[in-house]
Amino acid sequence: MIVALVAALVVIAVAVVLVQRRRRRRRVRFIPVAPPVAAAEILVAEPVAMPDVAAVEAATLAGRLGNARGAFARLRGAEADAAVRDVVEEVLLRSDVGVTTTTRLLDELSTAGSGGSLVSALRDRLLASFVSADRSLATSVDAGRVPVWLFVGVNGVGKTTTIGKLASREVAAGQRVVMAAGDTFRAAAADQLEMWSQRTGADIVRGAEGSDPSSVIHDAIERAAARGSSLVLADTAGRLHTNNNLLDELSKVRRVADRGPGQVTETILVVDATTGQNALSQARQFMAAASVTGVALTKLDGTARGGIVVAIESELGIPVKLIGVGESAADLLPFDPVEFVDALLAP
């Protein structure tokens, strides 16, 4: 009886296996096949021409100063007479020109007399507010020394990004560039310069986090001199302009950078244009601590209202040398007062 029971179990097991195999075969046999896809019909009869790149670039500045241009829209088409004095005053103040410069401009417009285009009269007065200075970035040094561009400014203004963009531009122009990661108190700053180094082919010198910024910049200058490099771009910590101790340290950094074989030919104050009149306060403090030779004004394509450019030059006499109007390296532009004012006021 046991033998019969075992035989029955074996038969049942074999039957189960056969049934499972048959089901598998059926599933495989009846898998639906997707019908062939018909070739797509081409609806474009003729190829579309690529846009004119030169034309796009020509309109870049005016197009990217949208917020700043909007502030001056109320003045377009108005006549230069006393009736619109209050409107002019409001527009200038809202544009971050500042009280001092606005008062002077209004007095000059009144002195010029009434009649004629207000925009034309204001254009002349704005252009007269800019200092007569060489806006190029100097590289001339004594024999055997390496030019150093030192970048200063508070945290968050775009200082490190500005250095990276300039490195890209200078390397493309054939310069051998060394970047000094002198902001040793913020690891992300050195990492950011490292990224720009890989992207542009510029050399970089960085130290341990928290190390002496002056020593990092000195080492970068020594490397540049040893390897025959033609330019050092030196980052510094983003210091609060209200902290005298940190500003004193910045003075030390500049002295070290200006010691042989280095020679500081530019000290660029990087300012966020969206901070308005606070940018003017920063500039006043940094002028004394670091002997600022020029300003790089970033983020003019955002919510900035543009008038801070006029205030910096008119009240402090520092030339604005660079403006940032976007994220890419090509969006860091040399500053041209005529082009800038026309971009603000043109219809």
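Quick notes on this one:
- Under 11 Å, Cβ to Cβ, from A189 - net charge with Lys/Arg +1 and Asp/Glu -1: -2
- Inter-label distance, nm, simple model (7 Å from Cα along the C-beta direction), S328/A208: 4.2 nm
- Between A188 and V87, the simple spin-label model (points 7 angstrom out along Cα→Cβ) gives 4.4 nm.
- Residue exposure proxy: M195, M179, M287, ordered by other Cβ atoms within 10 angstrom of their Cβ from fewest to most, comes out as M195, M287, M179.
- Sequence of V256, V271 once ranked by neighbouring C-beta atoms within 10 Å, starting from the fewest: V256, V271
- Net charge over other residues, Cβ less than 14 angstrom from the Cβ of V91 (K, R count +1; D, E count -1): +4
- Simple spin-label estimate for V131 and D336 in nanometres, 7 Å along Cα-Cβ: 2.2 nm
No value in this document is a laboratory result; all are computed from the given coordinates. Being a predicted model, the structure only gives us computed values, none of them experimental. Note that each Cβ is placed from the backbone with ideal geometry, even for glycine, and that neighbours are counted across all protein chains shown.
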